[in-house]
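Since the structure comes first, as structure tokens, the remarks are kept for the end.
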Amino acid sequence: MADSGSEDIAVIGNTDLTPSESQNNLKNTMVEKGTSLLKKMEISVAEAEKRTGKNAVNMQETYTVYLIETRPVDAASEGTSPVPDSLWRRYSEFELLRNYLLVTYPFVVVPPLPEKRAEFVWHKLSADNMDPDFVERRRVGLENFLLRVASHPVLARDNIFYLFLTEEKAWKETVFETGFQAKADSRIKALNATFRVKNPDKRFAEMKHYGDELQAVVSQLLRVRARAADRFYGVYKVHGNYGRVFSEWSAIEKEMGDGLQSAGHHMDACLQQQADMHARYAASIDDILEEEEHYADQLKEYLFYADALRAVCRKHELTQYELETAVQDLSSKKQQREELATGTVRTFSLKGMTSKLFGQETPEQREAKLKMLETQIEEGEEMVKDRNVECEEFVKGAWTDIERFKEQKDHDLREALISYAIMQISMCKKGIQVWNNAKECFSKM
């Protein structure tokens, strides 16, 4: 990213643009340093739509697309309401955007996408990724993802992200032109390789362990919640049977003799009232559990955030390992130079055995090897210097973002859990009120 020449403004985008394109980019996508894109643009995922078409292998498939709408914040503050710019994106395009961000900003805890298929579901909830309720929750999750990225101090200024929001047709080509895919492939191979860092950073090791524990705890919480939802659903629906029984009892009282007619009418009214109340109470569980899913999705976001946090820690291990490898290679080259210059071999080596068996090298051969080693040592010193700078910058950027993430996590989970507790209290109060009303009605019979 390049500064525009002013300390107060950073341009979203890269410098590989023509003068006219750069000027247009500056006018349309300026973001003040330290502020988010959300201060310049309103972003929403307005709706989802099911479509059918041919895939890459010419097979018919059904998929869902999501409508992204954007409009300038200035227009809203001035009281005008222009038609928002809009475009459609598939879930796979959101995945491509996030993969690009992961590779381009390895030190950032990149916000996660909502689940591709439903996890931790209770029995009444469909696991079908085409289910309308699931698609709606995913729409909300995708909007949340965009808002997370747009409010991030680093990611919000990325040109590819801005084009994702504003350019429908040529966006994919622009992403692949960055060459991120090749870098991603080599990085994935490196991350999947087994290696051990000699001098691990204690802070990142502890944070990686915390990510493991966070994922385990949230997973367990979601499982408990799914089991509780099943049981709550059953309990509430059983209350519907109270309503049916009270209705049947009410019909029986109508057939009582004249001496009980007055009492019968009163009981009839009371029992019918209870039947209606319990029926409404039983039906309310659908709305309650639908609201619960909202809180479950907030917990799932941090379940996936744990993966993003651990990924940053793993990338730091790789960066540290590459630095240690460069230092070790440089030390080895310097030792070879010393052995060649003095003619002494410190440690057992194949080279030493070869010299003993076939004789020493000629002065010309030794001089040529010394020159080659000198060149390799210079390159190695530059490599170590670059790796040191890379590692220092990674640590600085990553720890700043981890601290930002921790503050965000504490706030979000606190608010979600408080809201969940309030909902549970409200649900219990509703049940208590139903039975208080029943008690008062029965006492008048």
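Values in this text are rule-based calculations from the coordinates and carry no lab data. These numbers were taken from a predicted model, which means no experiment stands behind them. Neighbour counts are summed over all protein chains in view; Cβ atoms, including those assigned to glycine, are modelled from backbone coordinates with ideal geometry.
Beyond a 25 Å Cα-Cα separation, which of these cross-linked pairs lie in this structure: Lys198/Lys334; Lys183/Lys409; Lys333/Lys396? Could you put the intermediate results ahead of the total?
On the way: Lys198/Lys334 21 Å; Lys183/Lys409 30 Å; Lys333/Lys396 30 Å.
The pairs that break the limit, which is 25 Å between Cα atoms, are Lys183/Lys409; Lys333/Lys396.
Taking a spot 7 Å from the Cα of Asn437 along the direction of its beta carbon, which residues of the range 197-240 have an amide N less than 13 Å from it?
Within reach of a label on Asn437: no residues.
In terms of modelled amide H atoms, which long-range or inter-chain residues lie less than 5 Å from the amide H of Leu113?
Distant-sequence amide H within range of Leu113: zero hits.
Can you give the local net charge around Gln424? Use residues other than it whose beta-carbon is closer than 12 angstrom to its beta-carbon, Lys and Arg +1, Asp and Glu -1. Write out the running numbers ahead of the final one.
Working: positive: Arg225, Lys429, Lys430; negative: Glu291, Glu292.
So the environment of Gln424 carries a net charge of +1.
Using per-residue counts of other Cβ atoms within 10 Å, averaged over each peptide, order 304-317, 407-420, 47-60 from highest down. Numbers along the way, then the final one.
Details: 304-317: 20.3, 407-420: 13.6, 47-60: 9.6.
The most tightly packed comes first, giving 304-317, 407-420, 47-60.
Which order do the peptides 423-433, 199-209 come out in when sorted by mean C-beta neighbours inside 10 angstrom, highest first? Don't skip to the answer; put the middle values down first.
Values: 423-433: 12.6, 199-209: 14.8.
Ranked from most to least packed, the peptides come out as 199-209, 423-433.
Subtracting the Cα-Cα distance from 0.36 nm times the residue separation, let me have the gained length for Gln328 to Glu173 in nm, one decimal.
Gain in length upon complete extension: 51.8 nm.
Within the range 154-186, find all residues whose amide N lies under 19 Å from a label point positioned 7 Å from the Cα of Arg90 along Cα-to-beta-carbon.
Flagged as within label range: 164-177, 181.
Would you calculate the separation in nanometres between label points at Ala368 and Arg117, each defined as 7 Å from the Cα along the Cα-to-beta-carbon direction?
My value for the distance between the label points is 6.1 nm.
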